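Chemist: Got a structure for you, questions after.
The values are calculated or read from the model by the stated rules, or taken from the named source; none is laboratory data. Just so we're clear, the structure is a prediction, and the values are computed from it rather than from any experiment. Cβ placement follows ideal geometry from the backbone for every residue including glycine, while neighbour counts extend to all protein chains displayed. All accessible areas refer to the heavy atoms of the entire protein, side chains included, with ligands and DNA or RNA removed. Shrake-Rupley method; radii C 1.70, N 1.55, O 1.52, S 1.80 Å.
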Amino acid sequence: MSFNSFGRLFRFTTWGESHGPALGAVVDGCPPGIALSEEDIQPWLDKRRPGTNRFTTQRREPDQVRILSGVFEGKTTGTPISLMIENVDQRSKDYSNVALAYRPGHADYAYDAKYGFRDYRGGGRSSARETAARVAAGAVARAVIPQVRIRAWVESIGGDRIDYDAFEDAQIDANPFFCPDAAAAERWEAIVDSARKSGSSVGAVVACEATGVPAGWGAPLYAKLDSELASACMSINAVKGFEIGDGFAAAALTGEQNADPMRAGNGGPRFLANHAGGIAGGIATGQPVTMRVAFKPTSSILTPVDTITRTGEETQIATKGRHDPCVGIRGVPVVEAMVALVLADQALLHRGQCG
């Protein structure tokens, strides 16, 4: 059995491979009558698009989206929305050595062990190229929840963290790292350049905040808002860690330190802290929903690494091709998309149960 779909009421399925003719998504469950066009989706894909600067893969993909169904006269019809993005800059010959030996850290061996064969051209479905389809689907989700603002940024690269006292929202879109700290962005140029020039890679942490999420979205136990967000973000290629609110740091606090005190406010409580990341008991509290997502270093690197061939012979492999020296940078719009997809789904689930 293969799982290529995500969501409950607002559901999407991605399809396509890194070096196939195209990839895309089918979004099902979108309410009818919502204004939607290709121009609404394209800006989000442009944020993720490869080849825009020297700090990302130099694969040149325009990532132009086409809406094939589910929209008529500029409005969603309530039927499945099919989105397609063509691949135009494949170089499958770069992966001839990957056909014979496994890349350590990549999904090569795991796919082979499961299916008995694999698409070695860029990793097929295990490639971060698949996330373009998620970003397109996430743009549809944003149209369903216009009251919610979702904003992500890179918090650290290679262990070098931003200074939150220097946080400027306008800086996030002013540099190639989605970095809100101008001084950190300057430091990261040297860090990522060094990794790129040496044929290596570095990891990153992406932080995300969703504001305007009403109190009540989510569900107890098995459809908790935080567990759905965790599942969505952990499904992103190269993600190895996820936190809500204070996350692991909460384990070092006392009960009174970790509490989010409340005072009387207009129409509801006024919170004095947000250690819980805007979610309590799996249900949104009305505070900003905050999370952090850890991306590992890109596994496809030019540095030779010990591995084995498909027949079990010991060898080394250095992966040719065009790869991100820090895949977490382009992870920012992907995290935003997955958060939007979860919140759109939860909005419809809440309406279905509570009206």
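This table checks each residue for (1) more than 20 Å from Lys47 (Cα to Cα); (2) hydrophobic (A, V, I, L, M, F, W, C).
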{"position": "Arg151", "(1), (2)": "no, no"}
{"position": "Phe178", "(1), (2)": "no, yes"}
{"position": "Val192", "(1), (2)": "no, yes"}
{"position": "Cys208", "(1), (2)": "no, yes"}
{"position": "Gly212", "(1), (2)": "yes, no"}
{"position": "Trp217", "(1), (2)": "yes, yes"}
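Chemist: While we're looking at this one, here's another question. Could you go through the range 5-24 and let me know if any residue there is in contact (Cβ under 8 Å) with a residue 12 or more places away in the chain, within 12 Å of Gly70 (Cα to Cα) and more than 16 Å from the chain's Cα centre (by Cα).
Modeler: No, the range 5-24 contains no residue that is in contact (Cβ under 8 Å) with a residue 12 or more places away in the chain, within 12 Å of Gly70 (Cα to Cα) and more than 16 Å from the chain's Cα centre (by Cα).
Chemist: From the list Leu36, Leu68, which residue is surrounded by fewer than 17 Cβ atoms within 10 Å (Cβ to Cβ), over 20 Å from the mean Cα position of the chain (by Cα) and either at pLDDT 95 or above or among the hydroxyl-bearing types (Ser, Thr, Tyr) (or both)?
Modeler: Numbers: Leu36 fails: surrounded by fewer than 17 Cβ atoms within 10 Å (Cβ to Cβ).
It is Leu68.
Chemist: Could you please find all residues in the range 276-293 being open to solvent by 50 Å² or more (accessible area, probe 1.4 Å) and either under 13 Å from Ala210 (Cβ atoms) or out of contact with any Lys or Arg (no Cβ under 9 Å at 6 or more places or on another chain) (or both)?
Modeler: Initial filter on the range 276-293 (open to solvent by 50 Å² or more (accessible area, probe 1.4 Å)): 280-281, 283, 292.
Correct list: Ala280, Arg292.
Chemist: Still on this structure, I have one more. Test of understanding: among Ala170, Ala139, Ala204, which residue is open to solvent by 30 Å² or more (accessible area, probe 1.4 Å) and of a type in the set (A, V, I, L, M)?
Modeler: Values: Ala139 fails: open to solvent by 30 Å² or more (accessible area, probe 1.4 Å); Ala204 fails: open to solvent by 30 Å² or more (accessible area, probe 1.4 Å).
That would be Ala170, the only listed residue that is open to solvent by 30 Å² or more (accessible area, probe 1.4 Å) and of a type in the set (A, V, I, L, M).
Chemist: Also: Mind listing whichever residues of the range 1-19 are of a type in the set (Gly, Ala, Ser) and either crowded, with 18+ Cβ neighbours inside 10 Å or not in a loop (DSSP other than H, G, I, E, B) (or both)? Steps first, answer last, please.
Modeler: The first filter runs over the range 1-19 and keeps only residues of a type in the set (Gly, Ala, Ser), leaving 2, 5, 7, 16, 18.
Hits for the range 1-19 are Ser5, Gly7, Gly16, Ser18.
Chemist: Looking at the range 150-167, which of its residues are out of contact with any helix residue (DSSP H, G or I) (no Cβ under 8 Å at 6 or more places or on another chain) and open to solvent by 60 Å² or more (accessible area, probe 1.4 Å)?
Modeler: Gly159, Tyr164, Asp165, Phe167
Chemist: Here is a check on your reading of the model: is Asp28 touching a residue at least 12 places away in the same chain (Cβ under 8 Å) and surrounded by fewer than 17 Cβ atoms within 10 Å (Cβ to Cβ)? Outline the logic, then answer.
Modeler: Values: touching a residue at least 12 places away in the same chain (Cβ under 8 Å): yes; surrounded by fewer than 17 Cβ atoms within 10 Å (Cβ to Cβ): no.
Considered against the rule, which asks whether it is touching a residue at least 12 places away in the same chain (Cβ under 8 Å) and surrounded by fewer than 17 Cβ atoms within 10 Å (Cβ to Cβ), Asp28 comes out as no.
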